[in-house]
Amino acid sequence: MTDAEIINRVLSGNKQAFSLLVAAYQTKALTLARSIVHDEHLAEDLVQDSFVKAFTSLASFKGGSAFSTWFYRIVYTTGLNALQKSRRTPISVELIEDDTPHWIEPYIFDQIDDHILNEIIREEMTNMSPTYSAVMDLFYGQECSYDQIVAITGMPLGTIKTRLNRGRALLRNAIVRRCPELEIPHV
Amino acid sequence: MSNSNEPTKRLSNEILDSIGEGDARLGQIYRHAMAVHPSLDHTALIMKAVAESQPPNRFLMWVLAYGSYIGVGIFLICIVPLLLFLPVPNIHVDSFSIATPKESIPLWTVVTVTILGLGIWRMETT
């Protein structure tokens, strides 16, 4: 059954059909929520709130985009609101001008054990500012396209690319710092 | 002729391949590293919260979205008959009555059906 069919069923009065959407999206929503609030329990509450919001305003979903895009936008905005409430200050948006492309070269993956890489990524994502980690999760975790990320976050495309670039640089730096034995070829 | 002032802006195919492969492998590792354990299934909990919330209501959403138009419509419905059919009180006459003449029924019907029709059409097409 497609998302659109499930939504039609829910709007026709079959509340229980909504559980299909919950089952399909809860884990992805949880990773996105964790990337924003960096707290497991808060992320779980946030996902629950997001599903309730999605349910009550489901009639306003016009199908102009995928349900996932619409729902991730709810998770994203709910997460940012929760973060701002808990910090009681606006989230600082540090803009680091850096035109140099950053990426993690394939040979780095060849030299490090997957378990160590997993650990480094988990740690670094927890320490990373939500400014970067949310966009990183949408791109690498949810496999959203640039257009989808623009629709979800409401940020300009250039900002998204800058944040992804910065996020990759932070991850790469962390890997190089944690694995000094890495052999980096000189170009 | 290549522009020697833009060497850093142009990436070689080798670098582009490296970025593409690096991105793909980072994505794989990332999804594995950040995966949620399957035991964390909160469907029942979430559905409990959903069951306690207000169910989605197409009509309510429609009213919220088009409330301003509905307001204007109601205003027009009220003002048009007043302007058209309310007898102007004659200053020399002590009393007057407000009565909708039978002839106005077709006009009322046209206005009502048009507004209802537009509302239903907008609701069904959005």
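What size of dipole, in debye to the nearest 20, comes out for region A:106-178 about its Cα centre when the only charges are +1 on Lys and Arg C-beta atoms and -1 on Asp and Glu C-beta atoms?
Once rounded to the nearest 20, the dipole reads 400 debye.
Can you sort B:80, B:50 by 1.4 Å-probe accessible area, starting with the largest?
B:80, B:50
Over chain A, what is the relative contact order in whole percent, taking alpha-carbon pairs under 8 Å and six or more residues apart?
In percent, rounded to a whole number, it is 24.
At a Cα cut-off below 12 Å, give the aspartates and glutamates reachable from residue A:161, other chains included and same-chain residues fewer than 8 away excluded.
Residue A:161 reaches A:97, A:98, A:99, A:147.
With the dipole of the protein assembly as shown worked out from charges on the C-beta (+1 for Lys and Arg, -1 for Asp and Glu) around the Cα centre, which of A:48, A:84, B:50 lies farthest toward the positive end?
B:50
Strictly over 22 Å apart at the Cα level, which of A:15/B:48; A:15/A:85; A:53/A:85; A:53/B:48; A:28/B:48 would you flag in this model?
With Cα atoms farther than 22 Å apart: A:15/A:85.
Which percent of the accessible area of chain A is formed by carbon and sulfur heavy atoms (probe 1.4 angstrom)?
50 percent
What does the accessible area of residue A:103 come to, in Å² to the nearest 10, when a probe of 1.4 Å is used?
Its heavy atoms expose roughly 40 Å² to the probe.
Given the Cα-Cα distance of residue A:57 and residue A:176 and 0.36 nm per residue of separation, how much length would full extension add, in nm?
Stretched fully, the residue A:57-residue A:176 segment lengthens by 38.3 nm.
Based on a Kirkwood Rh over C-alpha pairs, give the Stokes-Einstein translational diffusion coefficient of the protein assembly as shown at 20 °C and viscosity 1.002 mPa s in µm²/s.
Stokes-Einstein gives a translational diffusion coefficient of 90 µm²/s.
At 7 Å along the Cα-to-beta-carbon direction for both residue A:129 and residue A:9, put a label point, then send me their distance in nm to one decimal.
Taking the two extended label points, one gets 4.4 nm.
Between residue B:17 and residue B:120, how high is the FRET efficiency from 1/(1 + (r/R0)^6) when r is the Cβ-Cβ distance and R₀ = 35 Å? Nearest 0.05.
Working from the Cβ atoms, E equals 0.05.
Looking at region A:106-178, I'd like the Rg to Rh ratio, where Rg is from alpha-carbon atoms and Rh is Kirkwood's inverse mean 1/r.
1.00
Region A:3-86: D in µm²/s via Stokes-Einstein (Kirkwood Rh, Cα pairs, 10 °C, 1.306 mPa s)?
123 µm²/s
Ignoring everything except DSSP H segments at least 4 long, calculate the 222 nm mean residue ellipticity for the protein assembly as shown; use -39,500 (n - 2.57) per segment, divide by total residues, nearest 500.
Rounded to the nearest 500, it is -21500 deg cm²/dmol.
Set the Förster radius R0 to 25 Å, insert the Cβ-Cβ distance between residue B:104 and residue B:75 as r into 1/(1 + (r/R0)^6), and round the FRET efficiency to 0.05.
The value I calculate is 0.90.
The values are calculated or read from the model by the stated rules, or taken from the named source; none is laboratory data. These numbers come from a predicted model, not from an experiment. Cβ: placed from backbone, ideal geometry, glycine included. Neighbour counts: every protein chain shown. Calculation scope for accessible area: heavy atoms of the full protein, side chains included, ligands and nucleic acids excluded. Shrake-Rupley method; radii C 1.70, N 1.55, O 1.52, S 1.80 Å.
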